[in-house]
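S.K.: Okay, here's the structure, questions in a sec.
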Amino acid sequence: MLAFDRPIALIPAYNEEATVGAIVGQIRALWNYPVVVIDDCSTDRTAPAARAAGAIVLPLTIQLGAWGAIQTGLRYALRHGYRTAITLDADGQHEPESIGALLPPLATDTADVVIGAFPERASRARRLAWSYFRQITGLQLEDITSGFRAYNHAAMAVLASREASLLDYQDVGVLLILRRKGLRIVEAPVSMQPRALGASRVFRSWWVVGKYMLQTSLLCLARVGFNHLPPAPDD
Amino acid sequence: MITYQLTSMAIGLFFAATILLLVRRDHLHGPYAIWWIGAAATVALLGFFPRLFDVLAAKLGISYPPILAIVLGFSMLLVKILTMDLERSRQERLIRRLAQRLAMLEAQLPGAADSAPPDRAD
């Protein structure tokens with residue numbers, strides 16, 4: 001048995017002092033997992049709130065965005081010997097109770113990555129964006145942008161690598177790298193809360209959405225021909 | 001009467017001297033210094049012998065020699081800008097990983113739990 005067989009929870013946070021403490025507290029109370037909050041240069045009291053609730057805080061000195069923060073957490077987890085990592089948003093839309101739904105596919109080794117999917121949360125515009133990305137990537141997933149995920153050791157190692165350091169969001173680009181490395185991605189249905197406070201970091205304004213769509217499209221098109229098919233089930 | 005050769009010599013020398021000065025003062029890091037010394041030499045050479053382009057253009061079948069200079073200069077600029085963005089991307093990756101490592105180290109510092117948030121001014 002490995003020393004750290006229990007999972008570690010990673011929460012990227014930017015100005016989430018209102019909600020981060022409650023999330024950390026719930027995870028600690030429900031699952032007793034170590035919780036790491038990656039503070040992406042918040043200007044409010046996110047870091048003290050997280051610490052007070054019992055989290056380990058990794059304070060970034062330069063704002064790296066959601067993915068840069070999660071990668072920090074993954075690198076931390078690997079350094080400290082953890083073999084399973086769960087990522088949640090700090091705004092309270094992912095329910096700590098649902099963590100249990102993400103773990104069985106990893107435990108039985110039927111998947112390397114489990115995405116907590118709640119497609120019903122999506123607005124029409126977001127649905128449109130998803131189906132567009134499904135079209136151009138060939139990914140067979142419902143909820144491409146969900147940040148509620150569980151990664152096993154193989155997936156953590158791939159995503160902590162330098163190759164994944166120039167990504168900006170934990171979504172399509174990350175899934176493409178995982179697929180290219182032949183890792184198995186499945187979805188688990190979960191329920192999610194409407195965002196308690198604050199809005200999505202991506203779906204914020206038309207300008208940001210446009211930039212995001214263009215960047216992600218380019219990322220997909222640049223990868224055409226790299227292992228476009230899902231890996232065979234028997235490998 | 002100033003001839004056009006004198007003008008081009010002056011421009012070439014001024015440009016080359018500026019670059020050499022910057023390299024001497026260590027304002028340009030290794031590989032960039034080599035590129036720019038090459039540029040300085042080229043500019044100086046063409047400043048002294050602006051007719052070089054007339055000869056070259058004639059050999060390449062270009063009827064209006066100045067356009068050859070412009071096209072070549074423009075291409076070199078494009079190459080330079082492209083390599084600059086490649087370098088910037090490489091540095092962005094390094095900076096991100098460095099910031100991540102710093103965050104991991106900071107979390108391990110004794111007293112991290114009760115110290116004030118680090119100074120974000122830098």
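Bear in mind that the values in this text are calculations on the coordinates, not laboratory data. Since the model is a prediction, treat every value here as computed from it, not as a measurement. Here the Cβ is made from the backbone with ideal geometry for all residues, glycine too, and neighbour counts use every protein chain on show.
S.K.: Of all DSSP beta bridges located in chain A, what percent are antiparallel, nearest 5? Don't jump to the answer; show the numbers that get you there.
M.R.: Values: 8 of 25 bridges.
Antiparallel: roughly 30 percent of the beta bridges in chain A.
S.K.: Would you please give the residues with an amide H less than 5 Å from that of A:Gln170, counting only those at least 5 places away or on a separate chain, with H modeled from the backbone geometry?
M.R.: Those qualifying (amide H under 5 Å, at least 5 residues apart or on another chain) are A:Trp67.
S.K.: Compute the FRET efficiency between B:Lys59 and B:Met84 as 1/(1 + (r/R0)^6), taking r as their Cβ-Cβ distance and R0 = 25 Å, and round to the nearest 0.05.
M.R.: On the way: r = 32 Å, r/R0 = 1.28.
The value I calculate is 0.20.
S.K.: Can you tell me the alpha carbon radius of gyration of chain B divided by the globular rule-of-thumb value 2.2 N^0.38 Å?
M.R.: Values: Rg = 23.8 Å, N = 122, 2.2 N^0.38 = 13.7 Å.
Normalised Rg, Cα atoms only: 1.74.
S.K.: Please report, ordered by residue number, every helix of chain A (full DSSP H runs) that is 18 Å or longer along its axis going by C-alpha atoms and whose mean Kyte-Doolittle hydropathy reaches -0.5.
M.R.: Values: long enough: A:17-31 (22 Å, 0.85); A:65-79 (21 Å, 0.06); A:124-137 (20 Å, -0.75); A:206-222 (24 Å, 1.02).
Sorted by number, the helices that extend far enough and score high enough are A:17-31, A:65-79, A:206-222.
S.K.: Indicate the helices, whole DSSP H runs only, in chain B that combine a mean Kyte-Doolittle hydropathy of 1.0 or more with a Cα extent along their long axis of 24 angstrom or more.
M.R.: B:4-24, B:30-48
S.K.: Taking each residue in A:68-75, count the Cβ atoms of any other chain within 10 Å of its Cβ, then average. What number comes out? Each step should come with its number before you reach the end.
M.R.: On the way: counts 5, 3, 0, 3, 9, 3, 1, 5.
Taking the mean over all residues of the peptide, I get 4.
S.K.: For chain B, set up a Gaussian network in which alpha carbons nearer than 10 Å are linked by springs, and say which option among B:Ala41, B:Ala58, B:Ala69 fluctuates the most.
M.R.: Comparing B:Ala41, B:Ala58, B:Ala69 in a Gaussian network model of chain B, the most mobile one is B:Ala58.
S.K.: Top mean-square fluctuation among B:Arg51, B:Arg88, B:Arg97, Gaussian network model of chain B, C-alpha springs under 10 Å?
M.R.: B:Arg97
S.K.: Sorted from largest down, give the three principal axis spans of the alpha carbons of segment B:1-50, whole angstrom values.
M.R.: The Cα atoms of segment B:1-50 stretch 41, 16, 8 Å along the principal axes, largest first.
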